[in-house]
1. Identify all residues within the range 186-202 that are within 16 Å of ligand 2 (Cβ to nearest atom) and either touching an Asp or Glu at 6+ places or on another chain (Cβ under 7 Å) or modelled with pLDDT under 95 (or both); write none if there are none.
2. How do the pairs read when you match residues in the range 139-155 that are closer than 23 Å to Leu23 by Cα with residues anywhere that are loosely packed, with under 13 Cβ neighbours inside 10 Å, using Cβ under 7 Å and keeping only pairs 6 or more apart or on different chains?
3. Considering every residue within the range 174-182, establish whether at least one is in a helix (DSSP H, G or I), closer than 28 Å to Lys71 by Cα, among the acidic types (Asp, Glu) and away from ligand 1 (no atom under 12 Å from the Cβ).
4. Determine the pairs where a residue that is more than 25 Å from Gln93 (Cα to Cα) and of a type in the set (Gly, Ala, Ser), located within the range 27-45, has a partner that is in a helix (DSSP H, G or I) and more than 16 Å from ligand 1 (Cβ to nearest atom) with Cβ atoms under 6 Å apart, the partner being 6 or more residues away or on another chain.
5. Looking at Ala185, Ala172, which is the one that is in contact with a Ser or Thr (Cβ under 6 Å, 6 or more places away or on another chain), under 19 Å from Gly10 (Cβ atoms) and of a type in the set (A, V, I, L, M, F, W, C)?
6. Output the qualifying pairs, or none if there are none: Cβ atoms under 9 angstrom, residues six or more apart or on different chains, first residue in the range 229-246 and exposed (fewer than 13 other Cβ atoms within 10 Å of the Cβ), second residue at pLDDT below 70.
7. Go through the range 1-31 residue by residue and tally those that are touching a helix residue (DSSP H, G or I) at 6+ places or on another chain (Cβ under 6 Å) and away from ligand 2 (no atom under 15 Å from the Cβ).
8. If Lys112 meets every condition in (1) surrounded by 20 or more Cβ atoms within 10 Å (Cβ to Cβ); (2) in contact with a strand residue (DSSP E or B) (Cβ under 8 Å, 6 or more places away or on another chain) apart from one, which number is that one?
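The values are calculated or read from the model by the stated rules, or taken from the named source; none is laboratory data. Remember, predicted model here, so these are calculated numbers, not experimental data. In this analysis, Cβ positions are derived from the backbone assuming ideal geometry, glycine residues included, and neighbour counts consider all displayed protein chains.
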Amino acid sequence: MGRIITFASGKGGTGKTLVVANLGVAMAQLKQKVVLIDADIMMANLGLLLGLGGQKTTLHEVLAGKARLSKAIYNGPQGVKVVPSGIPLDGVQQVRFERLKGVIDELASKYKFLLIDAPSGLDRDAITPLTMAQEIVLVVTPDIASLSNALKTKIVAERFGVKPMGVIVTRATSKRLDIPGDEIASTLELPVLATIPEDPEVRRSAALREPVVTYRSKSPAAREFAKLAAALVEASPADSESSDLESSQ
Ligand code: ADP
Ligand code: MG
């Protein structure tokens, strides 16, 4: 059984999709068997960030019972596997969310890591992907709205028995208005696993639909992703089920 990690936040636009895409590619560069799934069914964009788009068979068709999962797994950069969601909204109508669990279990039986890009918020469809992972990583921007929403997400995850692993701070600047990392850690009572700086190369790479870890591997954001990928891999030995990122630090 692979390691299933959901990347979530209360607030939208904190960088969940960016983190899943780049962490996944960076782990694939380390020769790991990684699959990424876009569980943001309504606002799908993970595939777009990885140069995919226009696929006829996506998670939508699988959750609608119209296609087999194997037909919705695509090759992304560096050999990372991706299960994108569809972009057209009409594909959402026949989606049955209760089928997601079967999809996640099947992926976890075949891959060492399954990274789930979760929707924002805490309504029913957003909670579903939170409850299906073993662990959750909160993705926050260093501001009070993002932090307070992430705290609610953490509480809900814990209620479902999902272990909060840590927090990734994105879009960090050197401005005084940013909430400092130690305050984020103490508010959420979680370790900060990585701090991804605000980096113009992130915008550029997104426009070109390439992950920043391959587009500009020496940029500050790419270096942070590579470091986090290495730590995660190191903390997940090949034949051990009990892995813990914090314990490697
Ligand atoms: P979410 O999936 O949480 O809604 P996204 O990953 O789509 O968030 O990111 C939201 C926006 O913020 C995107 O336009 C993305 O390019 C931008 N962004 C995220 N992190 C950074 C960063 N470190 N530097 C610059 N732009 C960023
Ligand atoms: Mg997203």
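1. Taking the range 186-202 and keeping what is within 16 Å of ligand 2 (Cβ to nearest atom), we get 196, 202.
Passing the criteria: only Ile196.
2. Matching pairs, first to second residue: none at all.
3. Taking the range 174-182 and keeping what is in a helix (DSSP H, G or I), we get 181-182.
When the remaining residues are screened for being closer than 28 Å to Lys71 by Cα, the result is none.
Within the range 174-182, not a single residue is in a helix (DSSP H, G or I), closer than 28 Å to Lys71 by Cα, among the acidic types (Asp, Glu) and away from ligand 1 (no atom under 12 Å from the Cβ).
4. Close Cβ pairs (under 6 Å, with a partner that is in a helix (DSSP H, G or I) and more than 16 Å from ligand 1 (Cβ to nearest atom)) amount to Ala28/Gln78; Ala28/Gly79.
5. On the way: Ala185 fails: in contact with a Ser or Thr (Cβ under 6 Å, 6 or more places away or on another chain).
Matching residue, one of Ala185, Ala172: Ala172.
6. Short answer, once both residue conditions are applied: Pro237/Ser243.
7. 9
8. Of (1) surrounded by 20 or more Cβ atoms within 10 Å (Cβ to Cβ); (2) in contact with a strand residue (DSSP E or B) (Cβ under 8 Å, 6 or more places away or on another chain), only one is false for Lys112: (1).
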